[in-house]
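See below for the structure under consideration.
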Amino acid sequence: MVHIIDGKAFSDKLCDDLTAEIARLKAEHNFVPCIAVVLVGEDPASHVYVSNKVKRCHQLNIESREHRLDDTTSQAELLALIDELNQDSSVHGILVQLPLPKQIDSKAVINAIAPQKDVDGFHIENAGALAIGDNQIVPCTPLGSIMMLRDYLGNMSGMNAVVVGRSNIVGKPMAHLLLQENCTVTIAHSRTKNIEEVCRNADILVAAVGIPHFVKADWIKPGATVIDVGINRIQDGDRSRLVGDVDTEAAKAVAGAITPVPGGVGPMTIACLMYNTVAAAKMQAGIA
Ligand code: NDP
């Protein structure tokens, strides 16, 4: 019988722990973590993501300051705002919602954020620290995924892990985290040959591709643990719904454990943003 890894329950537990820690920071230090959320343009999905993040902040008593800029904002204007937020010691985390409008170079903006305030963990210094195993701030989606894997599997040493996808925000950091758990890690991508065979070797299979139902049941080793990072909106008759990168229903007959979509990695991503914000705030304030 397949085990469903309940990301919603796991994220609620993590947020309960964070709420208690935030209450302690307030009571003992009169200190409130604060995140600045920057949204440029009118992308509807980005608006939903930002609203969800801000809502979670409110639930946990993290202060959030929203900066909504219109889609004609220039790179210089956005960099000036980042600079202001970097200088503001009452702001502990800066999140710039991606994607940015095409006149703005995302890489330049991400790398302009002070690394200690980069709660997404995308700054080149944080990426480099993770790559050499000296983790500072770790990207939220891979962090949430590894937390669930640690909780479910415990010791992963010697397991074969396959990560499908090599983006800087999911695939690569996920591979580094699995390597730190002493897994034997393979990264598959669009040029990988015999990808089905590569996946069939995985004790841990992470799918971060962006193609609905890309990973088929017969690509999965019997008993494997499957982390489905994908969030894809598909049309189902006259309504739309979210599906992952794994053919979940069929995969349940083969996998030992699997994360559902929705309710798996998604909620953990937001919870880990809260986790990173609290950790960054404590670090900046010198509070243990
Ligand atoms: P990207 O588009 O940046 O990367 C996709 C990766 O998949 C690339 O490395 C690409 O390979 C690879 N790929 C594409 N097509 C194939 C193929 N046919 N065979 C093998 N590999 C392929 O996506 P992200 O990493 O940003 O996101 C991946 C998925 O995760 C998306 O569905 C996204 O919505 C979701 N997501 C979910 C989050 C959550 O909170 N749960 C957070 C972030 C993302 P190549 O490099 O060769 O082009």
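The values are calculated or read from the model by the stated rules, or taken from the named source; none is laboratory data. Everything quoted here is computed from the prediction, not taken from an experiment. Cβ atoms come from the backbone with ideal geometry, glycine included; neighbour counts cover every protein chain shown. These area figures cover heavy atoms from the full protein model, side chains too; ligands, DNA and RNA do not enter into them. Shrake-Rupley method; radii C 1.70, N 1.55, O 1.52, S 1.80 Å.
Each residue in the range 141-167 was checked for being open to solvent by 10 Å² or more (accessible area, probe 1.4 Å) and under 16 Å from Ala279 (Cβ atoms), and 2 of them qualify.
Quick one: in the range 122-165, of everything that is small (Gly, Ala, Ser) and not assigned by TED's automatic domain parsing to the domain that holds Cys199, which residue is nearest to the ligand (Cβ to nearest atom)? Quick ask: steps written out before the conclusion?
Going through the range 122-165, the residues small (Gly, Ala, Ser) turn out to be 127-129, 131, 133, 144-145, 154, 157-158, 161, 165.
Still in the running and not assigned by TED's automatic domain parsing to the domain that holds Cys199: 127-129, 131, 133.
Details: Ala127: 14, Gly128: 19, Ala129: 20, Ala131: 17, Gly133: 22 Å.
So the residue we want is Ala127.
If we scan the range 197-211, do we find a residue that is within 6 Å of the ligand (Cβ to nearest atom), assigned by TED's automatic domain parsing to the domain that holds Val229 and crowded, with 17+ Cβ neighbours inside 10 Å? Yes, the range 197-211 contains a residue that is within 6 Å of the ligand (Cβ to nearest atom), assigned by TED's automatic domain parsing to the domain that holds Val229 and crowded, with 17+ Cβ neighbours inside 10 Å.
The criterion of at least 3 residues that are touching a residue at least 24 places away in the same chain (Cβ under 8 Å) and closer than 28 Å to Gly263 by Cα is met by the following helices (runs of 4 or more DSSP H) wholly inside the range 105-215: 140-153, 171-180, 195-200.
For Val226, are the conditions met, namely being crowded, with 24+ Cβ neighbours inside 10 Å, of a type in the set (Val, Ile, Thr) and not in a helix (DSSP H, G or I)?
Details: crowded, with 24+ Cβ neighbours inside 10 Å: yes; of a type in the set (Val, Ile, Thr): yes; not in a helix (DSSP H, G or I): yes.
Taking the combined requirement at face value, the residue satisfies it.
Only a single criterion out of (1) more than 11 Å from the ligand (Cβ to nearest atom); (2) modelled with pLDDT of 95 or more is not satisfied by Arg191, namely (1).
Results for (1) surrounded by 20 or more Cβ atoms within 10 Å (Cβ to Cβ); (2) among the polar types (S, T, N, Q); (3) at pLDDT 95 or above, shown as yes or no for each residue.
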position	(1), (2), (3)
Arg68	no, no, yes
Gln87	no, yes, yes
Pro99	no, no, yes
Leu130	yes, no, yes
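Within the range 22-29, is there a residue that is at pLDDT 95 or above, in a helix (DSSP H, G or I) and within 22 Å of the chain's Cα centre (by Cα)? So far as the range 22-29 goes, yes, one or more of its residues are at pLDDT 95 or above, in a helix (DSSP H, G or I) and within 22 Å of the chain's Cα centre (by Cα). Looking across the range 212-223, the residues that are over 22 Å from the mean Cα position of the chain (by Cα) and open to solvent by less than 60 Å² (accessible area, probe 1.4 Å) come down to Ala217, Trp219, Ile220, Gly223.
Counting only residues that are surrounded by fewer than 21 Cβ atoms within 10 Å (Cβ to Cβ), in a strand (DSSP E or B) and not basic (Lys, Arg), the range 239-288 holds 4 of them.
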